[in-house]
Amino acid sequence: MAGFSLRRWALVLALALAAWLGDLLRLPFPYVPPTARLLPAIMAGAFLGPGPGGLSQGLFAGAVLVAAAAGVGEADGVRAALPPDLGYRLALPLAAAAAGHLAGPDRKATVTRVLAAGLAALAIVDGLGVAALAWLLPPRLPQPIAASGILRVGVAFPLPWDLLQIAVAAALVPRLRRRAPWLAFPDKSL
């Protein structure tokens, strides 16, 4: 990551912080509450590119892993101690990298391109999130849950909120990249 300017590092850290703040903004749903963490992942890819954008969200995911590991006691079962939405959080680096490949700073920022990048990021987050949810959720429930129930909890309930974040990214990224081109840092290292 040689050649990173102070401004670029600041944006990497700011978008990691934005993911953390977005994770704190939760709607009151059980197990997989809708959050605002997808928007910073899309923005990280769009402004930093796949590598640094993934790094930005990787800093957030690493902090989540450290916090999750600290919450696992010796007597607790690991599955019961980890948050059920852990997979969604850990998928953000891959989501940002995908968004960076599709709508990164080395590509023209159009609404359509950012929408496609956001949908790809959402597919990654939901795919990995649901896979982890299927493993982490059953110990918390009094009876087994069907795959349709996991999809309803893990995809259907948060979907409107996630689509809203994608729409916001599609509206903001092209405008910000036109008005403040210094915000975009093409990833020349990949």
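Quick check on my filter: what residues within the range 140-186 are small (Gly, Ala, Ser), more than 21 Å from Arg26 (Cβ to Cβ) and out of contact with any Asp or Glu (no Cβ under 9 Å at 6 or more places or on another chain)? Step through it out loud before you land on a result.
If we filter the range 140-186 for residues that are small (Gly, Ala, Ser), which is where we start, we get 146-149, 154, 156, 167, 169-171, 180, 184.
Still in the running and more than 21 Å from Arg26 (Cβ to Cβ): 146-148, 170-171, 180, 184.
Once the filter is applied, which keeps residues that are small (Gly, Ala, Ser), more than 21 Å from Arg26 (Cβ to Cβ) and out of contact with any Asp or Glu (no Cβ under 9 Å at 6 or more places or on another chain), the range 140-186 yields Ala146, Ala147, Ser148, Ala170, Ala171, Ala180.
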Is it true that Arg107 is modelled with pLDDT under 90 and in contact with a His (Cβ under 9 Å, 6 or more places away or on another chain)?
yes
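Quick check on my filter: what residues within the range 129-154 are in a helix (DSSP H, G or I), among the aliphatic types (A, V, I, L, M) and open to solvent by 50 Å² or more (accessible area, probe 1.4 Å)?
The answer is Ala131, Ala147, Leu151.
Across the range 155-182, which residue is surrounded by the most Cβ atoms within 10 Å (Cβ to Cβ) among those that are in a helix (DSSP H, G or I) and of a type in the set (Phe, Trp, Tyr)? Reasoning before the result, please.
First pass over the range 155-182, keeping only residues in a helix (DSSP H, G or I): 155-156, 159-179, 181-182.
Filter once more, keeping what is of a type in the set (Phe, Trp, Tyr): 161, 182.
Details: Trp161: 17, Trp182: 7.
The extreme case among them is Trp161.
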Hits in the range 87-127 (condition: open to solvent by 20 Å² or more (accessible area, probe 1.4 Å), farther than 21 Å from Arg175 by Cβ and part of a loop (DSSP other than H, G, I, E, B))
none
Take the range 67-84 and flag every residue that is open to solvent by 40 Å² or more (accessible area, probe 1.4 Å), touching a helix residue (DSSP H, G or I) at 6+ places or on another chain (Cβ under 8 Å) and either of a type in the set (A, V, I, L, M, F, W, C) or at pLDDT 80 or above (or both).
Val72, Ala80
Given (1) hydrophobic (A, V, I, L, M, F, W, C); (2) out of contact with any Gly (no Cβ under 9 Å at 6 or more places or on another chain); (3) in a helix (DSSP H, G or I); (4) closer than 30 Å to Ile150 by Cβ, index of the condition Phe29 fails:
(3)
Could you tell me whether the range 37-46 includes any residue that is modelled with pLDDT of 95 or more, farther than 28 Å from Ile145 by Cβ and not hydrophobic (A, V, I, L, M, F, W, C)?
yes
Examine the range 26-42 for a residue that is touching a helix residue (DSSP H, G or I) at 6+ places or on another chain (Cβ under 9 Å), under 23 Å from Ala171 (Cα atoms), without any contact (Cβ under 8 Å) to a residue 60 or more places away in the chain and open to solvent by 20 Å² or more (accessible area, probe 1.4 Å), and state whether such a residue exists.
no
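The values are calculated or read from the model by the stated rules, or taken from the named source; none is laboratory data. Since the structure is predicted, the reported quantities are computational estimates derived from the model, not experimental observations. Note that we place each Cβ from the backbone using ideal geometry, even for glycine, and neighbour counts take in every protein chain shown. Heads up: the accessible areas ignore ligands, DNA and RNA and are worked out on the full protein's heavy atoms, side chains in. Shrake-Rupley method; radii C 1.70, N 1.55, O 1.52, S 1.80 Å.
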